[in-house]
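For reference, the structure is listed below as structure tokens.
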Amino acid sequence: MSARIVVPREVVLTTRTNISVRRSVPHRDLRRIGAWIFVDHFGPTTQTDGMVVAAHPHTGLQTVTWLFEGRVQHRDSIGSVQTIEPGQVNFMTAGHGISHSEISVRTDGQLHAVQLWLALPESVRDQTPMFEHEAELPVLRIGDATVTVFAGSLLGATSPATMFTDSFGAEVLVPAGSSITIPIDPAHEIGVLVVEGEALVNGVTAGLTELAFIAPGETSVTIDAIGDTRVVLLGGTPFTERLVMWWNFVARSHDEIRSMRTDWESASNRFPEFADDIGGRIPAPELPNVTLQPRG
């Protein structure tokens, strides 16, 4: 079974800086990869202060921030203040509800990152929110390739970040002309997002910014680097719970979404206010004039 290529769509991240991201998931051709329900690729851009995202809410998910270049400061409604750098990972478990802001710190280099979401299963989706910053992550050398495991377990290495699903995430660096074959669980769905270079993924060409999706059934993924290549490898057991995803909320019904929106707009104690260097908060869009339906 060969890989299927997903070409991302452009989405404006913030009108303050007119910076856009490339979104591979959710996509008309791919709704999720295991429990990974959101995959955004940002940069590289020399506008290192280009990420200015004011306070906004989340529910029912984990956000995962992974940088390749630059620095980003996170602040949230449970008191977390953390600047993240390349090689470190931020995990924010929204649970019942959390609000946060993100602002990139001006540097002499570039800003380049992925922002990822993991769906929380029914048993924990309403839990107390929490935040984790992990600066010490397992780094493996496999032949000429380097693998950093930032979420879950892969190749016998495990990230210290808390996981609630059978999912994993890793950055893989493969020099030009080199190859790496990574054993995978045949029950897993796999996504290989090319963030630098170009590669063959299980024999299929994946260009820069493209994502190669591999359905369950494969026992390995092989990445042949055409040029110096960096990919984000995501995988996990298919997430079968039906979800309603709207704006920054993950729920199970239209009524839940409406309640979450009301709580945000009314500044309820579900989303406590906090101080940051941006100021203000992002208002929720209007709900559509149709009933939002759960999707698998």
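Check whether at least one residue in the range 87-94 is hydroxyl-bearing (S, T, Y), in contact with a Gly (Cβ under 6 Å, 6 or more places away or on another chain) and closer than 23 Å to F271 by Cβ, and report yes or no.
Within the range 87-94, none of the residues are hydroxyl-bearing (S, T, Y), in contact with a Gly (Cβ under 6 Å, 6 or more places away or on another chain) and closer than 23 Å to F271 by Cβ.
Looking across the range 41-86 at every residue that is surrounded by fewer than 18 Cβ atoms within 10 Å (Cβ to Cβ) and of a type in the set (D, E), the one that is nearest to E265 (Cα to Cα) is identified as D49. Looking only at the range 177-186, decide whether some residue is touching a strand residue (DSSP E or B) at 6+ places or on another chain (Cβ under 8 Å), in a strand (DSSP E or B), more than 19 Å from V39 (Cα to Cα) and among the hydrophobic types (A, V, I, L, M, F, W, C). Within the range 177-186, one or more residues are touching a strand residue (DSSP E or B) at 6+ places or on another chain (Cβ under 8 Å), in a strand (DSSP E or B), more than 19 Å from V39 (Cα to Cα) and among the hydrophobic types (A, V, I, L, M, F, W, C). Checked against (1) surrounded by fewer than 16 Cβ atoms within 10 Å (Cβ to Cβ); (2) of a type outside the set (S, T, N, Q); (3) under 30 Å from D49 (Cβ atoms); (4) touching a residue at least 60 places away in the same chain (Cβ under 8 Å), P121 meets all criteria but (3). Screening D126 on (1) surrounded by fewer than 16 Cβ atoms within 10 Å (Cβ to Cβ); (2) of a type in the set (D, E); (3) in contact with a Pro (Cβ under 6 Å, 6 or more places away or on another chain) shows it passes everything except condition (3).
Table: residues versus (1) touching a Cys at 6+ places or on another chain (Cβ under 9 Å); (2) of a type in the set (D, E, K, R); (3) part of a loop (DSSP other than H, G, I, E, B).
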| residue | (1), (2), (3) |
| --- | --- |
| T209 | no, no, yes |
| P216 | no, no, yes |
| V221 | no, no, no |
| R258 | no, yes, no |
| P272 | no, no, yes |
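For the residues R9, R22, R31, the requirement of being closer than 28 Å to P238 by Cβ, in contact (Cβ under 8 Å) with a residue 24 or more places away in the chain and surrounded by fewer than 17 Cβ atoms within 10 Å (Cβ to Cβ) singles out R31.
Test T262 against the criterion of being outside any strand (DSSP E or B), at pLDDT 95 or above, among the hydroxyl-bearing types (S, T, Y) and more than 22 Å from F68 (Cα to Cα), and give yes or no. Judged against the criteria, T262 is a match. The set of residues in the range 173-193 that are crowded, with 24+ Cβ neighbours inside 10 Å, within 20 Å of L30 (Cβ to Cβ) and of a type in the set (V, I, T) comprises I190, V192.
In the range 134-164, the qualifying residues are those that are buried (at least 20 other Cβ atoms within 10 Å of the Cβ) and polar (S, T, N, Q), and the one that is nearest to F91 (Cα to Cα) is S159. Look at the range 174-189: where a residue is more than 14 Å from N202 (Cβ to Cβ) and a partner is of a type outside the set (D, E, K, R) and exposed (fewer than 14 other Cβ atoms within 10 Å of the Cβ), sitting 6+ places away or on another chain with Cβ atoms under 8 Å, you get A176/G227; S178/G143.
I'd like to know if the range 240-253 contains one or more residues that are without any contact (Cβ under 8 Å) to a residue 12 or more places away in the chain, assigned to a loop (DSSP other than H, G, I, E, B) and within 25 Å of M130 (Cα to Cα). So that I can check it myself, show each step before the final result.
From the range 240-253, those without any contact (Cβ under 8 Å) to a residue 12 or more places away in the chain are none; that's our starting set.
Taking every residue of the range 240-253 in turn, none turns out to be without any contact (Cβ under 8 Å) to a residue 12 or more places away in the chain, assigned to a loop (DSSP other than H, G, I, E, B) and within 25 Å of M130 (Cα to Cα).
The values are calculated or read from the model by the stated rules, or taken from the named source; none is laboratory data. Remember, predicted model here, so these are calculated numbers, not experimental data. Backbone-built Cβ (ideal geometry, glycine too); neighbour counts: all protein chains shown.
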